[in-house]
Amino acid sequence: MAKKWSLPPIESLRADGLRIADLDAGGTPGFEGDKNEGLDLLTERTAVLSDLQEKLYANGRSGDARNVLLVLQGMDTAGKGGIVRHVIGSVDPQGVDHASFGVPTEEEKRHHYLWRIRKALPRGGQLGVFDRSHYEDVLIVRVHNLVPPEVWEPRYDEINAFERELLDQGTTLVKVAMFVSLDEQKKRLRERLDRPDKYWKFNPADIDERDYWPAYQEAYQVMLDRTSTDYAPWHVLPADRKWFARLAITELLIDALDRLKLDWPPARFDIEEQRRRLAHA
């Protein structure tokens with residue numbers, strides 16, 4: 001593990017037994033450095049992530065069906081978009097499959113809730129990222145009583161089975177639940193109102209959602225308790241410090257890619273023959 005980590009994020013952020021009510025959203029679990037040290041390390045580790053992602057993509061081009069899927073869940077302003085822009089945006093876009101899940105369309109409502117998720121799964125060799133995901137159907141659906149409990153309650157086990165299926169098909173899941181404090185969320189919402197370049201990100205409904213904060217905390221706790229498995233564990237990320245969130249997710253992705261033991265795919269042609277051809281071209 002890189003310098004300044006006393007405990008790697010794959011361990012320090014693991015959800016097992018964690019109570020959201022006790023979480024310090026401004027904390028930096030496992031990291032001993034300050035912001036400047038974190039940013040310096042982020043630059044260094046981003047280069048490592050980029051190299052590993054290129055190997056994943058190259059292997060996919062050679063027929064390897066394995067992929068990595070980053071699942072981001074979090075309240076409004078938690079920083080999911082920032083992760084997509086600054087972490088995922090630092091790698092080769094050819095090797096990225098990105099999907100964002102908002103309110104279901106009329107067509108999506110006519111299908112099983114996992115239908116739109118299956119359509120967006122990453123292809124072989126791709127680094128996939130879900131900005132929100134299938135977990136919306138045990139979070140916002142539960143908080144706002146969009147369907148009765150007898151509909152959403154069985155979904156926890158169904159999601160576990162779905163993710164087991166993904167694992168068996170060659171997907172490595174990296175699940176991250178991002179949490180900001182109420183004060184930090186208010187600060188970020190105010191910034192969106194103060195800056196013309198951020199008006200487009202502001203949704204008046206985000207203020208209304210603050211009234212549901214306790215209900216969301218409860219829903220997230222049950223989600224973590226019911227769907228953090230040995231094969232697809234949740235990582236809980238304090239997200240008040242954007243630099244830490246980006247660094248931690250970079251490390252989680254590096255760990256996931258490292259475990260694939262990737263190497264550059266071998267040439268599928270006679271190298272010397274092609275050198276001779278090139279010399280006379």
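The values are calculated or read from the model by the stated rules, or taken from the named source; none is laboratory data. Quick caveat: nothing in here was measured; it's all calculated off a predicted structure. Every residue, glycine as well, gets a Cβ built from its backbone with ideal geometry; the counts of neighbours run over all protein chains shown. With ligands, DNA and RNA removed, areas are computed over all heavy atoms of the protein, side chains included. Shrake-Rupley method; radii C 1.70, N 1.55, O 1.52, S 1.80 Å.
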Residue within segment 219-227 that is of a type outside the set (A, V, I, L, M, F, W, C), open to solvent by less than 10 Å² (accessible area, probe 1.4 Å) and modelled with pLDDT of 95 or more present: yes
Selected residue (only one of Ala47, Ala78, Ala65, Ala99 is open to solvent by 10 Å² or more (accessible area, probe 1.4 Å) and in contact with a Phe, Trp or Tyr (Cβ under 9 Å, 6 or more places away or on another chain)): Ala99
Among (1) under 14 Å from the mean Cα position of the chain (by Cα); (2) closer than 15 Å to Leu173 by Cα; (3) not aliphatic (A, V, I, L, M) - the single one Gly125 does not satisfy: (1)
Residues of segment 115-143 classified as in contact with a strand residue (DSSP E or B) (Cβ under 6 Å, 6 or more places away or on another chain) and either more than 10 Å from Val68 (Cα to Cα) or assigned to a strand (DSSP E or B) (or both), total: 8
Hey, Trp243 out of contact with any strand residue (DSSP E or B) (no Cβ under 8 Å at 6 or more places or on another chain), among the aromatic types (Phe, Trp, Tyr) and closer than 28 Å to Leu23 by Cα or not: yes
Residue among Ala215, Ala248, Ala232 that alone is in contact (Cβ under 8 Å) with a residue 24 or more places away in the chain, over 18 Å from Thr28 (Cβ atoms) and part of a helix (DSSP H, G or I): Ala215
Test: Ala58 is surrounded by 14 or more Cβ atoms within 10 Å (Cβ to Cβ), touching a residue at least 60 places away in the same chain (Cβ under 8 Å), among the small types (Gly, Ala, Ser) and not in a loop (DSSP other than H, G, I, E, B): yes
Any hit, segment 173-183, residues being open to solvent by 40 Å² or more (accessible area, probe 1.4 Å) and either among the polar types (S, T, N, Q) or farther than 20 Å from Asp16 by Cα (or both): yes
Near pairs, Cβ below 8 angstrom, 6+ apart or cross-chain, from segment 153-179 (over 22 Å from Gly60 (Cβ atoms) and among the aromatic types (Phe, Trp, Tyr)) to any residue that is assigned to a strand (DSSP E or B) and open to solvent by less than 60 Å² (accessible area, probe 1.4 Å): Phe179/Gly74; Phe179/Val236; Phe179/Leu237; Phe179/Pro238
Some residue of segment 32-42 being open to solvent by less than 30 Å² (accessible area, probe 1.4 Å), among the polar types (S, T, N, Q) and not in a loop (DSSP other than H, G, I, E, B): no
Single unsatisfied condition, Leu167 versus (1) more than 25 Å from Thr250 (Cα to Cα); (2) open to solvent by 30 Å² or more (accessible area, probe 1.4 Å): (1)
Residue match in segment 182-197 (condition: at positive phi and not in a helix (DSSP H, G or I)): no
Selection from segment 254-281 of residues that are free of Cβ contacts under 8 Å to residues at least 40 places away in the same chain, in a helix (DSSP H, G or I) and of a type in the set (Gly, Ala, Ser): Ala279
